[in-house]
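The values are calculated or read from the model by the stated rules, or taken from the named source; none is laboratory data. These figures come from a predicted structure and were not determined experimentally. Here the Cβ positions follow ideal geometry from the backbone for every residue, glycine too, while neighbour counts run over all protein chains shown.
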Amino acid sequence: MSDHLAIGGVSLTLKALLEDRMDFTLPSLMTTQKATITISAPDVTHGGITGPRLNIFLYHIAENIFLKNQEIPGQGHPGDYGHPPLSLVLFYLLTAYGRAEIDDVPAQQVLGDAMRVMHDFPLVTDSLVKERVGGGIPILDTSLIGEFEHVKITLDTASVDDLSKIWTTFPNTSYRCSVAYQVSVVQIESRRLRPPTLPVRERRVYALPFRGPQITEVFRDPPLNNIRSAIAAPGETLRIRGQNLYSTATRVMLRDQSATIGTLEDKELTVTVPATLQTGAHPVQVVHDVMLEVVDGQPPVAHRGYFSNTAVFLLIPAMTAINPPVTAAAGATVTVTVTPPVRATQEVFLLLGDFAVPAVPVAPNTPPRTNVDFKLPTAPAAIPAGTYLRRVRVDGAESRLTFDPVTGLYDGPTYNVT
């Protein structure tokens, strides 16, 4: 089981790998010297090291999102659940230092030798052992031995800008040529107990033919002015056309509510728009429930089976009354009865011709209401006296006007302002 020692174990593994596999001799040096491997921040001074040095610096840790909810295979009982391990990706910066600051060639040779080792051994497993000092000992740190996920080393595509940002965090150290690596995946297991589940007492397997419904068109029925549109008011009828709509257990879902089905055929059906939906756009889906026998001898129970693609219709408000009913003067309060009920968070306007009158504000915790008050503006912003077509707009959806097919103009409902 990997624990909090795993992060440090990766750093020690990289150190052991480089110490064992890097060359002992550098051609540019007059004497044979081994590059010293250190694990520290780049600005740390290491006294007593006179030869070339390679530094390993862990500069960033990120979570592996692909293993975020995945359990370690083979760990624990398969029936337990919850508390998966923390899967991490480690980012390292390798920096080489020469024997003398005036000559950077040895540092470049050390860095190239280290990159060769990382390239030759991109996967560090339990079987990789030391060949030089302490031969036969695993290079992998003891905190990582036996883990399901191996230590995988990848050259990171960090740009010069990315590296310079790292170096600017060390104001007392000059920038040196460095290379970045990713090491994944390191997993730290949770110490919280995983809740066990009860054993499966009875297994039931059902094989059913696939015959999923499909929606091709949704529109108000009957169409207004011979125009089919997916716009309807509460209590009106929606006609849904498509394929495979009929079943012995068909439901039509308008968002999270089940609508009352009128007619039902294989290629079309009708539903009534409920007044309990909120004004605005709503998804439409046809669902075929599957009747499954859960308990022997008991009636089958409906389970959600096949569901169609999602269509959309717009629920518009309906203005059922207005008070005063015919005429109002500037500064008067006009009360409009609207359905469905309006929530306090919705934006509501009374439209009189081209003039928009906002609703009187209410407290945020006000329950949904059917009566909405509007105060007509006074001079100098007063609405000119006249007769206007009236509508109510809720979150951009407007109530319907009546239409005269002879003149081709809207003719109502109207309201007088004096």
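Could you identify the single residue in Tyr59, Tyr81 that is modelled with pLDDT under 90 and either in a helix (DSSP H, G or I) or among the aromatic types (Phe, Trp, Tyr) (or both)?
Tyr81
Can you find a residue that is out of contact with any helix residue (DSSP H, G or I) (no Cβ under 8 Å at 6 or more places or on another chain), within 27 Å of Gly235 (Cα to Cα) and acidic (Asp, Glu) anywhere in the range 352-363?
For the range 352-363, residues out of contact with any helix residue (DSSP H, G or I) (no Cβ under 8 Å at 6 or more places or on another chain), within 27 Å of Gly235 (Cα to Cα) and acidic (Asp, Glu): absent.
Which of the residues that make up the range 266-292 are of a type in the set (Asp, Glu) and touching a residue at least 40 places away in the same chain (Cβ under 8 Å)?
Across the range 266-292, the qualifying residue is only Asp289.
Please note which strands (runs of 3 or more DSSP E) are completely contained in the range 324-379 and include at least 1 residues that are under 24 Å from Pro274 (Cβ atoms).
It comes to 333-342, 348-352, 369-375.
Just checking, which of Val290, Val271 is surrounded by 13 or more Cβ atoms within 10 Å (Cβ to Cβ) and either small (Gly, Ala, Ser) or at pLDDT 95 or above (or both)?
One residue alone meets the criteria, Val271.
May I ask you to list the residues in the range 303-350 that are within 40 Å of the chain's Cα centre (by Cα), of a type in the set (S, T, N, Q), surrounded by fewer than 16 Cβ atoms within 10 Å (Cβ to Cβ) and more than 17 Å from Glu398 (Cβ to Cβ)? Working first, answer last.
Pass one, the range 303-350, residues within 40 Å of the chain's Cα centre (by Cα): 303-319, 337-350.
Filter again for of a type in the set (S, T, N, Q), leaving 308-310, 337, 339, 345-346.
Going one step further and asking which of them are surrounded by fewer than 16 Cβ atoms within 10 Å (Cβ to Cβ), we end up with 309-310, 337, 345.
Listed by number, the residues that qualify are Asn309, Thr310, Thr345.
Could you say whether any residue in the range 194-208 is under 32 Å from the mean Cα position of the chain (by Cα) and either small (Gly, Ala, Ser) or closer than 30 Å to Ser399 by Cα (or both)?
No - not one qualifying residue is present in the range 194-208.
In the range 187-222, which residue that is β-branched (Val, Ile, Thr) and in a loop (DSSP other than H, G, I, E, B) is nearest to Val284 (Cα to Cα)? Spell out the reasoning first.
Filtering the range 187-222 down to residues β-branched (Val, Ile, Thr) leaves 188, 197, 200, 205, 215-216, 218.
If we keep only those that are in a loop (DSSP other than H, G, I, E, B) too, we end up with 197, 200, 205.
Details: Thr197: 37, Val200: 36, Val205: 30 Å.
Selected residue: Val205.
Any residue in the range 122-130 that is among the hydroxyl-bearing types (Ser, Thr, Tyr), modelled with pLDDT of 80 or more and in contact with a helix residue (DSSP H, G or I) (Cβ under 7 Å, 6 or more places away or on another chain)? Spell out the reasoning first.
Going through the range 122-130, the residues among the hydroxyl-bearing types (Ser, Thr, Tyr) turn out to be 125, 127.
Now restrict to residues that are modelled with pLDDT of 80 or more: 125, 127.
Next, only the ones that are in contact with a helix residue (DSSP H, G or I) (Cβ under 7 Å, 6 or more places away or on another chain) stay: none.
No: zero hits.
Run down Leu254, Leu245 and say which single residue is within 17 Å of Asp221 (Cα to Cα) and surrounded by 17 or more Cβ atoms within 10 Å (Cβ to Cβ).
Just one listed residue meets the conditions, Leu254.
For Ala230, only one of the following conditions fails: (1) assigned by TED's automatic domain parsing to the domain that holds Met291; (2) without any contact (Cβ under 8 Å) to a residue 40 or more places away in the chain; (3) touching a Phe, Trp or Tyr at 6+ places or on another chain (Cβ under 8 Å). What is its number?
(2)
Is it the case that some residue within the range 266-281 is basic (Lys, Arg) and either outside the structural domain of Thr378 (by TED's automatic domain parsing) or assigned to a strand (DSSP E or B) (or both)?
Scanning the range 266-281, I find at least one residue that is basic (Lys, Arg) and either outside the structural domain of Thr378 (by TED's automatic domain parsing) or assigned to a strand (DSSP E or B) (or both), so the answer is yes.
Being modelled with pLDDT of 90 or more and surrounded by 12 or more Cβ atoms within 10 Å (Cβ to Cβ) is the requirement here; does Phe170 meet it?
Taking the combined requirement at face value, the residue does not satisfy it.
If I go through the range 6-40 residue by residue, how many of them are part of a loop (DSSP other than H, G, I, E, B) and at pLDDT 90 or above? Give the derivation first.
Going residue by residue through the range 6-40, those that are part of a loop (DSSP other than H, G, I, E, B) are 22-35, 40.
Subset that is at pLDDT 90 or above: 40.
Of the residues in that region, 1 qualify.
Just to be sure I understand the filter: pairs with C-beta atoms under 8 Å, separated by 6 or more residues or on different chains, first member in the range 249-262 and assigned to a strand (DSSP E or B), second member surrounded by 14 or more Cβ atoms within 10 Å (Cβ to Cβ) and small (Gly, Ala, Ser). Which pairs pass?
Here the result reads Val252/Ala259; Met253/Ala259, each pair linking the range 249-262 to a residue that is surrounded by 14 or more Cβ atoms within 10 Å (Cβ to Cβ) and small (Gly, Ala, Ser).
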